[in-house]
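Data first, discussion second: the structure below is written as structure tokens.
The values are calculated or read from the model by the stated rules, or taken from the named source; none is laboratory data. Treat the numbers as computed from the prediction; the structure is a model and nothing was measured. Counting neighbours? That spans all protein chains shown, and the Cβs are built from the backbone with ideal geometry, glycine included. Side chains included, ligands, DNA and RNA excluded: accessible areas come from the protein's heavy atoms. Shrake-Rupley method; radii C 1.70, N 1.55, O 1.52, S 1.80 Å.
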Amino acid sequence: MNKVIDENYYDLIINNNIVPSYDTGDNITYINDINSILHVYNDRNDPCDLGRQPYHRFPSIFTLESDLSLEKSNIGKVQRTPYLGLYGLGVIIGIIDTGIDYEHPAFRHNDGSTRILNIWDQSIQDGKVPEGFTFGSEYSSEQINIALKTANPLELVPTRDTNGHGTAIASIIAGKESAGDSFAGVVPDSEIVVVKLKEAKRNLHDIFFISEDAVCYQESDILLGLRYLITISQQLKRPLAICVALGTSQSGHDGRGATTSYLDFLSRISRIGIAIPAGNEGNAQRHYFGNASSSLRYEEFELRVDEKDKLFWMEIWPDPLARLAVEIITPTGESTKYIYPSKDNCVENNFIYSKSVVWVNNITIEEETGNQLILVRFRDPIPGVWRFRVDNIEEEAFSFNVWLPNGELISKDTYFLNPDPNTTITESGNGKNLLTVTAYNQETDSILLQSGRGYTRSGVIKPDIAAPGYNLSCALPNNRYGTLTGTGAAAAHTVGIIAMILEWAVVRGNYTSITGSNINTLIIRGARRKDILVYPNNIWGYGEIDAYNLFIKLSI
């Protein structure tokens, strides 16, 4: 079996510089010029495999970032202006998500043919594998058009979106208007390339203590999806607007992860535009910030654990100057001994008065960031309030951040008792050169409370822009229409505007070398700002997106 889909192998992300040290001929999958996947045999599912292998090599787990107005962003005004009239013609929309309902009229021309150029379904293994890749099935527009003419298209092209999130995201960006359903995508003349992600391997669920039924995706598959989108764009020699409406609370929230770094790199390449959601963790009570004085040298914080949450993780990221030991106290008063930082330790803690088991990796130097990381993983934690005491080995003041899993990986009833809504932007929204999009309610002109807040852990200004993200009209599988809310929806709305800019700049020849960073600057410059607020700020970024105003500022 291909190791990239074989559950008996870990997929570890490594830097290409060290590939020759591990390559045995069939255990490496190339991702891009920076990283590759190292396939390591696993027959134990031992939590301390994370420790034997460094934390940063295990792909982060990503979840979906979404749970009606074009005029609020002045898109209609741009499209009604004769010398603009931008509908995405000649631009490719790249979607990495749960797939797409290719039969939906939102993705078909008036003659019934498809507007989808290619679909790479990573979850189907009996079709044509894309050139340069080793798994999944690729379906071309020609195959889709043939299927659409049959009574049962899925017999010929069996890819489908059983979740609906990918269909909704694609339609917000590029869906064809349906007046009777009060629906229209931002750029209905664009064409679409879709990567349907396979779900994360069971061994990643096991290593990160994620329940079997949780819907989530692994970072390495997203990276491969990005390579696929870039390959198609280069083959067709057309500009590309990318939407990855997924996020993770793993890593240091400083933009240094493998996916964030690669997206950051892509944003500096000509003819590629990217928008990333800020995440929906702003009011989830899943972030804690601690700040201890030099006289105290320690701090305690509390976590309320609900009985529904049998498996989950928590990450403690100290500031660069601190070296922290951690002690954990259960609701029954039992405690672990202090667990001190070391290079690759993995400590299993059992208790007398409960069946709770807690694994702690207190990692002196996490390789991607150079900072300390304390990873805490819970199995069958006793419900109630858990206490954590962190003690600085150095005799000086220190601070630290703590994050719980995002999205649906844990219930809303497990939370910190004194949470901090700031620094809750999920990855890859912390990338320095990426356009990070928060969501606001376009009906009330107020921020969505769940929207992730900046700044990054390293102090970089995030989010960058606010876009409509409340009950956006969208297509849903099985020829239905509905609404989508969240920063994923707001990012999709923004990708539509990015496609408009790419049409104006590249397709019409006004600025053929434009980069994603250039596009970000245009969007930030054209944003609407309120007189009563100071910009940039960690809630609204540089203001509300305004497509018409950015073109007005180009003409002056």
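State which residue pairs qualify: first residue within 30 Å of Phe400 (Cα to Cα) and inside region 457-475, second residue open to solvent by less than 40 Å² (accessible area, probe 1.4 Å) and among the acidic types (Asp, Glu) in any location, beta carbons under 6 Å apart, and separation of 6 or more residues or different chains.
These pairs meet every condition: Arg457/Asp254; Ser458/Asp254; Ala466/Glu544.
Identify all residues within region 245-304 that are open to solvent by 60 Å² or more (accessible area, probe 1.4 Å), among the polar types (S, T, N, Q) and either modelled with pLDDT under 95 or under 30 Å from Glu396 (Cβ atoms) (or both); write none if there are none.
Gln285, Asn291, Ser294, Ser295
Do you know which residues across region 113-136 are closer than 17 Å to Asp101 by Cβ, part of a loop (DSSP other than H, G, I, E, B) and over 24 Å from the mean Cα position of the chain (by Cα)?
Ser113, Arg115
Any idea how many residues of region 172-182 are part of a strand (DSSP E or B) and modelled with pLDDT of 90 or more?
0
Taking region 340-355 on its own, how many of its residues are of a type in the set (Val, Ile, Thr) and farther than 18 Å from Trp313 by Cβ?
Result for region 340-355: 1.
Got a sec? Which of Ile119, Ile100 is closer than 30 Å to Asp546 by Cβ and modelled with pLDDT of 95 or more? Give the steps one after another, and end with the answer.
Values: Ile119 fails: closer than 30 Å to Asp546 by Cβ.
One residue alone meets the criteria, Ile100.
What do you reckon, is Ala475 in contact with a Ser or Thr (Cβ under 7 Å, 6 or more places away or on another chain), aliphatic (A, V, I, L, M) and more than 18 Å from Pro188 (Cβ to Cβ)? I'd like the intermediate steps shown before the answer.
Working: in contact with a Ser or Thr (Cβ under 7 Å, 6 or more places away or on another chain): yes; aliphatic (A, V, I, L, M): yes; more than 18 Å from Pro188 (Cβ to Cβ): no.
So Ala475 does not fit the description; no.
Quick one: in region 1-39, of everything that is part of a helix (DSSP H, G or I) and in contact with a strand residue (DSSP E or B) (Cβ under 8 Å, 6 or more places away or on another chain), which residue is farthest from Arg227 (Cα to Cα)?
Tyr22
When region 170-207 is examined, which residues are found to be under 22 Å from Gln122 (Cα atoms), open to solvent by less than 10 Å² (accessible area, probe 1.4 Å) and of a type outside the set (A, V, I, L, M)?
Ser171, Lys201, Asn203, His205
From the list Ile100, Ile96, exactly one residue is in a strand (DSSP E or B) and aliphatic (A, V, I, L, M). Which is it?
After applying the criteria, what remains is Ile96.
Has region 391-401 got any residue that is of a type in the set (Val, Ile, Thr) and assigned to a strand (DSSP E or B)?
Of region 391-401, the ones of a type in the set (Val, Ile, Thr) are 393.
Filter once more, so that each one left must be assigned to a strand (DSSP E or B): none.
The answer is no, given that none of the residues of region 391-401 is of a type in the set (Val, Ile, Thr) and assigned to a strand (DSSP E or B).
Out of all the residues in region 208-221, which are surrounded by 17 or more Cβ atoms within 10 Å (Cβ to Cβ) and either over 20 Å from the mean Cα position of the chain (by Cα) or not β-branched (Val, Ile, Thr) (or both)?
Scanning region 208-221 gives Phe208, Phe209, Ala214, Cys216, Tyr217, Gln218, Glu219, Ser220, Asp221.
So for region 512-522 (the condition being open to solvent by 10 Å² or more (accessible area, probe 1.4 Å), in a loop (DSSP other than H, G, I, E, B) and over 30 Å from Ala179 (Cα atoms)), does at least one residue qualify?
Taking region 512-522 and keeping what is open to solvent by 10 Å² or more (accessible area, probe 1.4 Å), we get 512-513, 515, 517-518, 520-522.
Checking which are in a loop (DSSP other than H, G, I, E, B) leaves us with 512-513.
Within this subset, residues satisfying the condition of being over 30 Å from Ala179 (Cα atoms) are 512-513.
Yes, there is a match, as at least one residue in region 512-522 is open to solvent by 10 Å² or more (accessible area, probe 1.4 Å), in a loop (DSSP other than H, G, I, E, B) and over 30 Å from Ala179 (Cα atoms).
Confirm whether Ile393 is among the hydrophobic types (A, V, I, L, M, F, W, C) and surrounded by fewer than 17 Cβ atoms within 10 Å (Cβ to Cβ).
Against the criterion (among the hydrophobic types (A, V, I, L, M, F, W, C) and surrounded by fewer than 17 Cβ atoms within 10 Å (Cβ to Cβ)), Ile393 qualifies.
A quick yes/no check of all residues on (1) at positive phi; (2) among the polar types (S, T, N, Q); (3) in contact with a Ser or Thr (Cβ under 7 Å, 6 or more places away or on another chain):
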| position | (1), (2), (3) |
| --- | --- |
| Gln285 | yes, yes, no |
| Trp313 | no, no, no |
| Pro320 | no, no, no |
| Glu327 | no, no, yes |
| Ile339 | no, no, no |
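What pairs come out if I take residues in region 246-270 that are farther than 20 Å from Thr438 by Cα and pair them with residues that are assigned to a helix (DSSP H, G or I) and open to solvent by 10 Å² or more (accessible area, probe 1.4 Å) whose C-beta lies under 6 Å away, six or more apart or interchain?
Note: pairs meeting the criteria are Arg268/Ser517.
Looking only at residues in region 308-348 that are over 24 Å from Arg57 (Cβ atoms) and not in a loop (DSSP other than H, G, I, E, B), which one is most open to solvent (accessible area, probe 1.4 Å)?
Ser335
Taking region 349-389, which residues are more than 17 Å from Gln53 (Cβ to Cβ) and open to solvent by 30 Å² or more (accessible area, probe 1.4 Å)?
Asn350, Ile352, Tyr353, Lys355, Gly370, Arg379, Asp380, Ile382, Pro383, Val385, Arg387, Arg389
Quick test of your reading of the structure: Phe133 fulfils all but one of (1) in contact with an Asp or Glu (Cβ under 7 Å, 6 or more places away or on another chain); (2) more than 22 Å from Glu177 (Cβ to Cβ); (3) among the hydrophobic types (A, V, I, L, M, F, W, C). Name the failing condition by number.
Among (1) in contact with an Asp or Glu (Cβ under 7 Å, 6 or more places away or on another chain); (2) more than 22 Å from Glu177 (Cβ to Cβ); (3) among the hydrophobic types (A, V, I, L, M, F, W, C), the lone unmet condition for Phe133 is (1).
Identify the residue in region 133-169 that is open to solvent by less than 70 Å² (accessible area, probe 1.4 Å) and of a type in the set (Asp, Glu) and, among all such residues, is nearest to Pro468 (Cα to Cα).
Applying the filter and picking the extreme gives Asp161.
Counting just the residues of region 183-207 that are of a type in the set (Lys, Arg) and in a loop (DSSP other than H, G, I, E, B), which one comes out farthest from the chain's Cα centre (by Cα)?
Applying the filter and picking the extreme gives Lys201.
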